[in-house]
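In what follows, a single structure is set out as structure tokens and then discussed.
The values are calculated or read from the model by the stated rules, or taken from the named source; none is laboratory data. What you see is a predicted model; the values in this text were computed from it and never measured. Glycine also receives a Cβ, built like all others from the backbone with ideal geometry; neighbour counts cover every protein chain displayed.
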Amino acid sequence: MRFLLRIACFALLGFLATTLRSLDSGLLERADRLPASPRSAQSKLIDSCHDIHKVVCQRKGRTRDPTGIVYTDLEGELMALRAYEEIIRAHPDWTVEQIDEELTRTIYTPVVRRRAQAAFRWVQRSLEQIIERQPLRVFPREEKRWLQKRLRETQLELPPPASLYADEPSLFTKNDVYYERLRDGRKRLRVGGAYLLAAKSWFNLIFTMAHELAHAIDPCEVRSELQERPLEFAAYGRLSACFLRNELIDAESARRECGPNDQLAETFADWLAARVSAQALANFATEFHGPALTQAITNSVRDLCEQDDPQDELDTRFHPAPEARIDRIFGRNPRIRALLGCGPPARLEEYCAFN
């Protein structure tokens, strides 16, 4: 049954593929060169200061920075499904388990695994350092140690073997990247194969990993774990109030914090990922400037845009709308604005902080 469902998915995506450019047989490891935009660097800079969402999302299809390309979600899934189909054609007598094993070896290559692991470790250290640098009036020592422990305990799970994702084999051909806490308390981060094919940019990897790992310490995750602990995390209350005050969270009348239709956890993850990305981009800015730096900033959040796939429906029950995520969360980070050559936000209170 699982085999037939995947074939059906492939047929559907194959039909949608006619709307995309032809993908060469070497797409698994190749990154295409893209033509330069006719817009001048100066006009890009002006738009970035006032409407970074427009700069990031106005261009359809693939985008490139000096570290790699970012394909659309649909292209990533097509690449994964085509790899799957090629394995089926080459080995028609194989079982589903054998096909899955070969697919993971094709997608999760040693090079791809090392790159994802390096990004995860970099993000893990960066988040621990962000917590460590907070004054004790923001996070007392016990709160710091507890948050940092949760970050260190979260493990990155990457196949092969394919059995690592035995409870969710469809992830091999999906763009999903997610954090989860299991019933036994273990915490893990999983990465879909299609995402690794679609996101070649180091900066997209950093933002995505930072967003998902931030869920290990987001206000809702912390609240669910602290029912019998004496820790208060007053800083989270102040931060949540700031998100609401600046309309980063869509405060519906029926909203219940950390309940249904609440965007707090996802807003927090975006906000913290922006801080981590800003640090990575600042390091990059010592070697690259101008358009290269703008392209790197763009690719950090490129996959937050409305997707080119007309069947992809926008869901804002838990995530803010793409414009809010890119403009009001990522784009208001003072360090990112400085890298773009922009001044601070019009009002300092527009940028939320732990303190």
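A few notes on this one:
- Unique match (being surrounded by fewer than 20 Cβ atoms within 10 Å (Cβ to Cβ), in contact with an Asp or Glu (Cβ under 9 Å, 6 or more places away or on another chain) and hydroxyl-bearing (Ser, Thr, Tyr)) among THR72, THR106, THR95: THR106
- Among the residues of region 275-297, the one identified as at pLDDT below 95, part of a helix (DSSP H, G or I) and either in contact with a Ser or Thr (Cβ under 6 Å, 6 or more places away or on another chain) or of a type in the set (Ser, Thr, Tyr) (or both) is THR294.
- Within region 52-87, the set of residues being of a type in the set (A, V, I, L, M), in a helix (DSSP H, G or I) and touching a residue at least 40 places away in the same chain (Cβ under 8 Å) comprises ILE52, VAL55, VAL56, LEU74, LEU78, MET79, ALA80, LEU81, ALA83.
- Filter result for GLU102 (in contact with a Lys or Arg (Cβ under 7 Å, 6 or more places away or on another chain) and without any contact (Cβ under 8 Å) to a residue 40 or more places away in the chain): no
- Scanning region 305-342 for residues that are at pLDDT below 85, out of contact with any Leu (no Cβ under 9 Å at 6 or more places or on another chain) and charged (D, E, K, R) yields GLU313, ASP315, ARG317.
- Selection within region 225-246: residues that are surrounded by 17 or more Cβ atoms within 10 Å (Cβ to Cβ) and among the polar types (S, T, N, Q). The member of this set that is nearest to ARG133 (Cα to Cα) is SER240.
- Across region 179-205, the qualifying residues are those that are of a type in the set (D, E, K, R) and buried (at least 19 other Cβ atoms within 10 Å of the Cβ), and the one among them that is farthest from GLN124 (Cα to Cα) is LYS200.
- Conditions (1) under 30 Å from VAL222 (Cα atoms); (2) crowded, with 22+ Cβ neighbours inside 10 Å; (3) not β-branched (Val, Ile, Thr): number failed by ARG256: (2)
- Residue among ALA36, ALA17 that alone is closer than 24 Å to LYS174 by Cβ, surrounded by fewer than 20 Cβ atoms within 10 Å (Cβ to Cβ), modelled with pLDDT under 75 and of a type in the set (Gly, Ala, Ser): ALA17
- Within region 122-137, residues that are hydrophobic (A, V, I, L, M, F, W, C) sit with their Cβ atoms under 7 Å from residues that are assigned to a loop (DSSP other than H, G, I, E, B), at 6+ positions apart or across chains, in these pairs: ILE131/PHE139.
- Check on GLU142, farther than 29 Å from THR67 by Cα and more than 14 Å from the chain's Cα centre (by Cα): yes
- Considering (1) within 20 Å of ILE52 (Cα to Cα); (2) crowded, with 21+ Cβ neighbours inside 10 Å, the lone condition that VAL222 does not fulfil carries the number (1).
- PHE172 being of a type in the set (Phe, Trp, Tyr), in a loop (DSSP other than H, G, I, E, B) and surrounded by 15 or more Cβ atoms within 10 Å (Cβ to Cβ): no
- Total residues in region 78-128, condition more than 17 Å from THR208 (Cα to Cα) and of a type in the set (A, V, I, L, M): 13
- Candidates are the residues of region 182-237 that are outside any helix (DSSP H, G or I) and among the acidic types (Asp, Glu); the one that is nearest to ARG302 (Cα to Cα) is ASP218.
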